[in-house]
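See structure below.
The values are calculated or read from the model by the stated rules, or taken from the named source; none is laboratory data. As the structure is a computational prediction, the values presented were derived from the model and not from experiment. Please note: Cβ atoms are built from the backbone with ideal geometry, for glycine as well, and neighbour counts cover all protein chains shown. Accessible surface areas use protein heavy atoms only, side chains included; no ligands, DNA or RNA. Shrake-Rupley method; radii C 1.70, N 1.55, O 1.52, S 1.80 Å.
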Amino acid sequence: MAERFVDNYLGHLLGQAHHALYRDFDEHVRAAGLSSIEWRVLAALHDGEALTVGQLAREVMSKQPTVTKLVQRMAEQGWVLLRADPDDQRCTRVAVTAAGRRVVRPLVEEARLHEARILRALGAGETRVLRRLLSRLAAL
């Protein structure tokens, strides 16, 4: 049988790897009452500074209008705070609230444990190489 194109296509392999990492963890996200994009937003914000909506959209790999609507709903739930960017009044900065941190903190810990269980099959050396290569690829 001939090798299929997708079997070595990087985009396909990355998508499959993402699915393998996320499929079991998604149950934890749903159990916490979050959608996958809400999880990504809170995870991106939980231990850092406020981000503009544009920066956040890039972080969570979604379109800016989608993230704009999402963070407005999340602000209504008390999970994030929206404020004007002091340097550019046209931009909105998004910061996680204490309530948002309380929602996401246990998920972040579970995500770390879940990732460690999955990556155990690669070993520490291969995991370091994989992280380095993926970081380089993402920076292109």
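Here is a yes/no grid of residues against (1) aromatic (Phe, Trp, Tyr); (2) out of contact with any strand residue (DSSP E or B) (no Cβ under 8 Å at 6 or more places or on another chain); (3) at positive phi:
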{"position": "GLY100", "(1), (2), (3)": "no, no, no"}
{"position": "PRO106", "(1), (2), (3)": "no, yes, no"}
{"position": "LEU113", "(1), (2), (3)": "no, yes, no"}
{"position": "GLY123", "(1), (2), (3)": "no, yes, yes"}
{"position": "LEU137", "(1), (2), (3)": "no, yes, no"}
{"position": "LEU140", "(1), (2), (3)": "no, yes, no"}
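Within segment 64-98, take every residue that is among the small types (Gly, Ala, Ser) and in contact with a strand residue (DSSP E or B) (Cβ under 6 Å, 6 or more places away or on another chain) and give me the one that is surrounded by the most Cβ atoms within 10 Å (Cβ to Cβ). Before the answer, list the steps.
Of all residues in segment 64-98, those among the small types (Gly, Ala, Ser) come to 75, 78, 84, 95, 98.
Remaining after also requiring in contact with a strand residue (DSSP E or B) (Cβ under 6 Å, 6 or more places away or on another chain): 75, 95.
On the way: ALA75: 17, ALA95: 14.
Filtering first and then ranking leaves ALA75.
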Going through segment 59-78 in order, the residues found to be in contact (Cβ under 8 Å) with a residue 24 or more places away in the chain and more than 26 Å from GLY15 (Cα to Cα) are MET74
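Being assigned to a helix (DSSP H, G or I) and open to solvent by 80 Å² or more (accessible area, probe 1.4 Å) is the filter here; which residues of segment 107-130 pass it?
In the first step, residues of segment 107-130 are kept if they are assigned to a helix (DSSP H, G or I); the result is 107-119, 123-130.
Those that are assigned to a helix (DSSP H, G or I) and open to solvent by 80 Å² or more (accessible area, probe 1.4 Å): GLU109, ARG112, LEU113, ARG117, GLU126, ARG128.
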Counting only residues that are at pLDDT 90 or above, within 17 Å of ARG40 (Cα to Cα) and touching a helix residue (DSSP H, G or I) at 6+ places or on another chain (Cβ under 8 Å), segment 7-26 contains a total of 2
Picking from ARG102, ARG90, ARG83, the residue that is within 20 Å of LEU70 (Cβ to Cβ) and in a loop (DSSP other than H, G, I, E, B) would be ARG90
query = Is it the case that some residue within segment 42-58 is touching a residue at least 60 places away in the same chain (Cβ under 8 Å), within 28 Å of ARG112 (Cβ to Cβ), within 18 Å of the chain's Cα centre (by Cα) and not in a loop (DSSP other than H, G, I, E, B)?
reply = yes
query = Could you say whether any residue in segment 25-39 is out of contact with any Ser or Thr (no Cβ under 8 Å at 6 or more places or on another chain), open to solvent by 80 Å² or more (accessible area, probe 1.4 Å) and touching a residue at least 12 places away in the same chain (Cβ under 8 Å)?
reply = no
When restricted to ALA116, ALA57, ALA121, the only residue of a type in the set (Gly, Ala, Ser) and either at pLDDT 95 or above or in contact with a Gly (Cβ under 9 Å, 6 or more places away or on another chain) (or both) is ALA57
For segment 121-138, pairs from a residue that is over 19 Å from ALA20 (Cα atoms) to a residue that is surrounded by fewer than 10 Cβ atoms within 10 Å (Cβ to Cβ), with Cβ under 9 Å and 6 or more apart or across chains, are LEU137/LEU10
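Condition first: β-branched (Val, Ile, Thr) and closer than 19 Å to GLU110 by Cβ. Now tell me which residues in segment 1-31 satisfy that.
First, the residues of segment 1-31 that are β-branched (Val, Ile, Thr): 6, 29.
Passing the criteria: only VAL29.
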